[in-house]
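Some notes on the structure that comes next.
The values are calculated or read from the model by the stated rules, or taken from the named source; none is laboratory data. Keep in mind it's a predicted model, so treat the numbers as computed, not measured. Cβ coordinates were reconstructed from backbone atoms using ideal geometry, including for glycine residues, and neighbour counts include every protein chain displayed. Accessible surface areas use protein heavy atoms only, side chains included; no ligands, DNA or RNA. Shrake-Rupley method; radii C 1.70, N 1.55, O 1.52, S 1.80 Å.
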Amino acid sequence: MTTTLTENSTAPEPAASTTLLEAKGVIMRFGGLTAVRNVDLTVGSGEIVGLIGPNGAGKTTFFNCLTGLYVPTEGQVTYKGTVLPPKPYKVTQAGISRTFQNIRLFSNMTVLENVLVGRHTRTKEGLISALLRGPGYRRAEAEARTRAMEILDFVGLAAKADRLSRNLPYGEQRKLEIARALAGDPGVLLLDEPTAGMNPQETRATQELVFAIRDQGIAVLVIEHDMRFIFSLCDRVACLVQGEKLVEGTPAVVQSDERVISAYLGTPYDGAPGSEEVAEVQAAEAAADGATSEEEDR
Amino acid sequence: MTTTTETTRSAVHRAILPIPITTARALIIIGGALTAASAFLSWTWTSAFPGDLTVDGYPGGLQWLTFAAGVLTAVFGLAGHGIRGLRRLNPAGSSSAELLLAVGGLAVTWFTLGAISVELGGLVNLTVGGWIAGIAALVPVAGALGLPIEGEPGSATSRGSALWRHIKNHPSIKPTRPLPAYAEILIIAAVLAVGLGLFTYGIDTGYGELFVGFLITVVFGAWALYSAGLTDQLSAITARHRSVTAIGAFAAAAAFPFTQSSDQYTSIGVNVLIFATVALGLNIVVGLAGLLDLGYVAFLGVGAYTAALVSGAATSSLHIVFPWWAAALTGAVASMVFGLLIGAPTLRLRGDYLAIVTLGFGEIFRIAVSNFDGVTGPNVTGGPNGIPNIPDISVFGIDLGKSHSLGGFTLGRFSNYFLLMLLFTAIVVLVFTRASDSRIGRAWIAIREDETAALAMGINGFRFKLLAFALGAGLAGLAGMVQAHMAFSVVPDPYQFAGSVPPNSAFLLAAVVLGGMGTVSGPLVGAALLYLIPAKLQFLNDYQLLAFGVALILLMRFRPEGLIASRRRQLEFHEAEQPILQTTEEAGLTKAKA
Ligand SMILES: Nc1ncnc2c1ncn2[C@@H]1O[C@H](COP(=O)(O)OP(=O)(O)OP(=O)(O)O)[C@@H](O)[C@H]1O
Ligand SMILES: [Mg+2]
């Protein structure tokens with residue numbers, strides 16, 4: 001974790017910061033199914049916001065609405081005050097990058113090339129300059145490579161820059177997805193279950209990575225089933241259940257909300273302080289298991 | 001080496017034939033030498049069989065191939081025996097190289113003997129020399145089968161499948177220190193010279209039997225070199241000297257017309273080159289951007305028709321004459337516009353739909369130009385008769401229609417067009433390599449790999465697909481100009497989806513897939529094979545398409561990545577070799593930084 005990436009990092013700003021990303025009244029219907037119902041959510045600068053909810057709650061669908069992969073049936077998404085058009089490439093250009101729940105790397109490209117693709121919106125060499133290879137083109141290409149290597153160094157994958165991404169172990173593929181998203185110099189980074197399928201050590205490393213990203217001045221919106229991860233990471237957590245936002249607040253508030261617990265466990269909250277955490281961890285693990293097995297089905 | 005009994009016992013386990021290893025090696029060396037020597041005998045009584053195999057004391061025709069295979073077998077046998085200096089020939093140390101060479105020798109020898117027997121009517125047509133050759137060729141095969149094979153000993157699988165796995169194994173070579181630069185460049189030059197020699201030999205083969213024998217020898221030879229790890233080493237060397245390799249390859253290609261004394265085979269050469277260039281253009285669309293275009297040949301047609309219209313041909317509906325470069329540009333631009341027109345509505349479709357729509361548009365082009373004949377439509381393209389009598393062009397004052405002599409060599413009409421076409425091939429290669437290794441090319445590959453993720457990375461998918469489509473179309477249009485002038489006329493018929501004469505859309509796609517998607521040399525090699533094989537094997541006539549289909553199925557079954565795997569595919573197989581690749585990559589990086 002060195003070089004320029006840390007240079008532009010500022011001290012973590014207080015939570016009451018300027019609003020970066022704002023979703024208002026987002027509704028997403030698939031035929032008769034309403035996957036997202038009237039959800040409002042804001043992400044401010046310097047914030048880490050968590051999004052939790054049981055399987056099928058509509059978290060990923062909400063992400064897709066934010067990033068333009070889906071056109072929301074109703075509602076709008078603004079970034080820094082301007083309404084985002086529902087075109088994925090324009091959203092990324094504006095400064096919102098994302099990772100995918102089921103890893104979507106460019107598997108036959110090398111690790112470095114994956115990150116270079118992530119840099120697409122911040123470079124603009126066209127076909128003609130690529131064919132002519134003038135000094136300007138060479139400089140831009142070298143800069144892109146240097147920057148990509150910095151990002152790989154930042155996530156700890158620099159040594160594997162020339163591997164094919166498909167040959168990386170699972171945990172490193174998730175890291176590479178984050179690196180690829182960071183390459184777009186985002187203002188807000190959306191992470192969809194970044195620790196799914198990771199062991200506790202890797203999960204802890206990911207947590208450190210997310211903090212480091214926040215320290216760069218990048219706001220983070222993260223979906224996760226691992227409650228310990230979410231509650232120790234986030235400044236604010238929102239819980240989606242069946243497409244609706246049930247509660248939103250600090251980890252402490254959401255953690256002790258009975259509706260959240262019953263949504264996860266399907267049983268009333270019993271209030272015993274010791275058993276609370278155990279139940280949460282169990283719930284999270286069950287959910288994570290469900291998520292991974294579902295992933296294998298795809 | 002252990003005692004004989006022990007060797008024998010282990011050989012029983014790990015080799016196909018239970019013979020001691022030393023004996024096996026001796027059989028390979030001696031058998032290879034015997035096979036080579038048998039080529040000096042007469043194999044048949046009469047000279048009725050082409051190539052005259054009746055002479056004692058000198059090989060002729062197909063015997064040269066047996067001779068070459070025998071010599072190679074013996075040399076690799078010696079290398080396997082550990083002769084100093086020869087060991088570099090087989091860096092992978094794999095015994096399958098010897099086996100493949102021995103089998104290749106056997107195959108070409110027996111093919112010759114079989115062809116003699118069939119064509120002249122019976123085995124009586126073989127002399128004693130023929131029988132000796134047939135038996136001698138068996139000896140090294142027996143020896144090679146006595147060598148140990150890799151694989152888990154004691155596994156329940158049959159020996160046959162163990163052997164097959166052994167042969168199919170990707171060679172693992174240890175990273176070696178690079179040779180001095182001059183030595184590596186000499187190696188590249190030598191390989192290119194051999195390549196030119198092989199291509200010239202293949203194109204000059206005067207009769208089908210010789211071409212089949214040539215193919216057998218080349219296939220087994222190339223396979224053996226691959227097993228020995230030599231092709232891997234070569235690609236590492238060429239990766240270190242990319243521009244030298246590129247310039248050398250074009251110099252070798254440019255030397256081809258000078259090896260020909262008449263225009264008989266240069267016409268094949270120029271057709272191969274046109275086909276190969278168009279296939280490389282298609283590789284941008286299919287191999288890089290992953291767009292399955294089944295109507296690509298229409299763009300060649302647009303280029304050819306446009307060039308014909310501005311050629312000043314009496315039959316052209318436009319009575320204007322453009323210089324060669326303007327004609328080429330007009331052809332390219334017209335193709336590009338046509339590509340944009342077709343691409344804009346279709347590229348929003350994905351996968352199968354795109355394939356079907358492009359197939360339809362390709363056919364529409366052909367049917368449209370056959371109807372623009374003044375009867376069923378406006379008179380633009382001359383209908384089914386096309387535009388005949390296209391005049392030759394002159395480049396820098398040199399009339400390509402006439403023979404010219406240059407340094408003692410006479411270059412005929414087709415040689416001239418070959419050299420002009422080579423210029424366009426160079427342009428297409430340059431465009432392909434530079435585009436593929438750039439921000440644009442990475443965006444194309446990303447779209448091919450995962451379109452949704454590519455969109456999420458900020459790539460405007462539709463725009464980049466359209467760019468690939470239009471660029472590919474424009475490059476085909478360039479080649480169309482040369483084709484129109486070289487062939488004297490343009491007619492609608494060749495620009496169809498499938499036919500027995502390349503280039504048509506199916507053959508173009510086959511050249512890309514067979515050669516290797518996403519590579520430069522793949523489509524060039526694939527196109528050369530796909531053009532030469534039907535052109536040389538006229539006797540197959542009705543079965544050509546059948547043979548083509550069978551060959552494609554076999555290839556897809558056994559080498560789905562194509563003959564030439566892309567660097568990415570190589571990476572996939574070579575994780576163990578990471579150090580080499582990393583250093584070359586790093587060298588590239590530092591160069592880029594500088
Ligand atoms: N393209 C689609 N068409 C139809 N239904 C969809 C589509 N995408 C999602 N859904 C449905 O919307 C609902 C929400 O799915 P979503 O993937 O957003 O859940 P999630 O909260 O991300 O769950 P998980 O924790 O399992 O990832 C599910 O019922 C799902 O089947
Ligand atoms: Mg999800």
Open item on the list: Let me spell it out: the conditions are (1) without any contact (Cβ under 8 Å) to a residue 24 or more places away in the chain; (2) at the interface with another protein chain (Cβ under 8 Å from one of its Cβ atoms), and A:GLU143 meets all of them except one. Which number is the exception?
Closed with: (2)
Task: Complete set of residues in segment A:92-107 that are outside any loop (DSSP other than H, G, I, E, B) and surrounded by fewer than 24 Cβ atoms within 10 Å (Cβ to Cβ) - done: A:GLN93, A:ALA94
TODO: Give just the number: which of (1) open to solvent by 10 Å² or more (accessible area, probe 1.4 Å); (2) within 19 Å of the chain's Cα centre (by Cα); (3) farther than 15 Å from B:VAL191 by Cβ does B:GLN260 not satisfy?
DONE: (2)
Open item on the list: Every residue in segment B:125-165 that is among the hydrophobic types (A, V, I, L, M, F, W, C), over 33 Å from the mean Cα position of the chain (by Cα) and at pLDDT 80 or above, please.
Closed with: B:LEU126, B:VAL128, B:TRP131, B:ILE132
TODO: Check off (1) farther than 23 Å from B:SER262 by Cα; (2) in contact with a strand residue (DSSP E or B) (Cβ under 9 Å, 6 or more places away or on another chain) for B:GLY412 and give me the number that stays unchecked.
DONE: (1)
Task: B:PRO523 within 14 Å of the chain's Cα centre (by Cα) and touching a residue at least 24 places away in the same chain (Cβ under 8 Å) - done: yes
TODO: Kindly list the number of the only condition in (1) within 16 Å of ligand 2 (Cβ to nearest atom); (2) outside any loop (DSSP other than H, G, I, E, B); (3) surrounded by 22 or more Cβ atoms within 10 Å (Cβ to Cβ) that fails for A:ALA263.
DONE: (3)
TODO: Just need a number here: residues in segment A:38-84 that are more than 12 Å from every other protein chain (Cβ to nearest Cβ), over 18 Å from A:GLY249 (Cα atoms) and away from ligand 2 (no atom under 16 Å from the Cβ).
DONE: 14
Task: When residues of segment A:29-58 are limited to those that are more than 9 Å from ligand 1 (Cβ to nearest atom) and hydroxyl-bearing (Ser, Thr, Tyr), the one farthest from A:VAL188 (Cα to Cα) - done: A:THR42
- [ ] Say whether the condition of being in contact with a helix residue (DSSP H, G or I) (Cβ under 7 Å, 6 or more places away or on another chain), away from chain A (no Cβ under 14 Å), in contact (Cβ under 8 Å) with a residue 12 or more places away in the chain and of a type in the set (A, V, I, L, M, F, W, C) is met by at least one residue in segment B:455-465.
- [x] no
- [ ] Select from segment B:433-453 the residues that are more than 7 Å from chain A (Cβ to nearest Cβ) and of a type in the set (Gly, Ala, Ser) and list them in ascending order.
- [x] B:SER436, B:GLY441
Open item on the list: I need a count of the residues in segment A:215-233 that are among the hydrophobic types (A, V, I, L, M, F, W, C), within 17 Å of A:ARG98 (Cβ to Cβ) and either more than 16 Å from ligand 2 (Cβ to nearest atom) or free of Cβ contacts under 8 Å to residues at least 24 places away in the same chain (or both).
Closed with: 3
Open item on the list: Tell me the residue from B:LEU99, B:LEU126 that is within 28 Å of B:LEU147 (Cα to Cα) and open to solvent by less than 50 Å² (accessible area, probe 1.4 Å), please.
Closed with: B:LEU99
Task: Selected residue (only one of A:THR78, A:THR60 is of a type in the set (Val, Ile, Thr) and in a helix (DSSP H, G or I)) - done: A:THR60
TODO: Name the one entry in B:VAL285, B:VAL270, B:VAL333 that is of a type in the set (Val, Ile, Thr) and open to solvent by 10 Å² or more (accessible area, probe 1.4 Å).
DONE: B:VAL333
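Can you name every residue in segment B:65-86 that is farther than 21 Å from B:PRO148 by Cβ and of a type outside the set (Phe, Trp, Tyr)?
First, pick out the residues of segment B:65-86 that are farther than 21 Å from B:PRO148 by Cβ: B:65-72, B:84-85.
Of everything in segment B:65-86, those that are farther than 21 Å from B:PRO148 by Cβ and of a type outside the set (Phe, Trp, Tyr) turn out to be B:LEU65, B:THR66, B:ALA68, B:ALA69, B:GLY70, B:VAL71, B:LEU72, B:ARG84, B:GLY85.
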Task: Answer residue from segment B:222-232, given it is surrounded by 21 or more Cβ atoms within 10 Å (Cβ to Cβ) and not hydrophobic (A, V, I, L, M, F, W, C) and is nearest to B:ALA107 (Cα to Cα) among those - done: B:SER227
TODO: Could you check, for segment B:50-64, whether at least one of its residues is open to solvent by less than 50 Å² (accessible area, probe 1.4 Å), in a helix (DSSP H, G or I) and assigned by TED's automatic domain parsing to the domain that holds B:GLY213?
DONE: yes
TODO: Give A:ARG180, A:ARG122, A:ARG174 a once-over and let me know the one that is in contact (Cβ under 8 Å) with a residue 40 or more places away in the chain, crowded, with 24+ Cβ neighbours inside 10 Å and either of a type in the set (S, T, N, Q) or more than 8 Å from every other protein chain (Cβ to nearest Cβ) (or both).
DONE: A:ARG174
TODO: Quick one: in segment B:396-432, of everything that is of a type outside the set (A, V, I, L, M, F, W, C) and crowded, with 17+ Cβ neighbours inside 10 Å, which residue is farthest from the other protein chains (Cβ to nearest Cβ)?
DONE: B:GLY412
- [ ] Output the number of residues of segment A:20-37 satisfying the condition of being away from ligand 2 (no atom under 16 Å from the Cβ) and among the aliphatic types (A, V, I, L, M).
- [x] 4
Open item on the list: Conditions first: (1) under 30 Å from B:ASP437 (Cα atoms); (2) within 14 Å of chain B (Cβ to nearest Cβ); (3) not basic (Lys, Arg). A:ASP192 passes all but one, so which condition is the exception?
Closed with: (1)
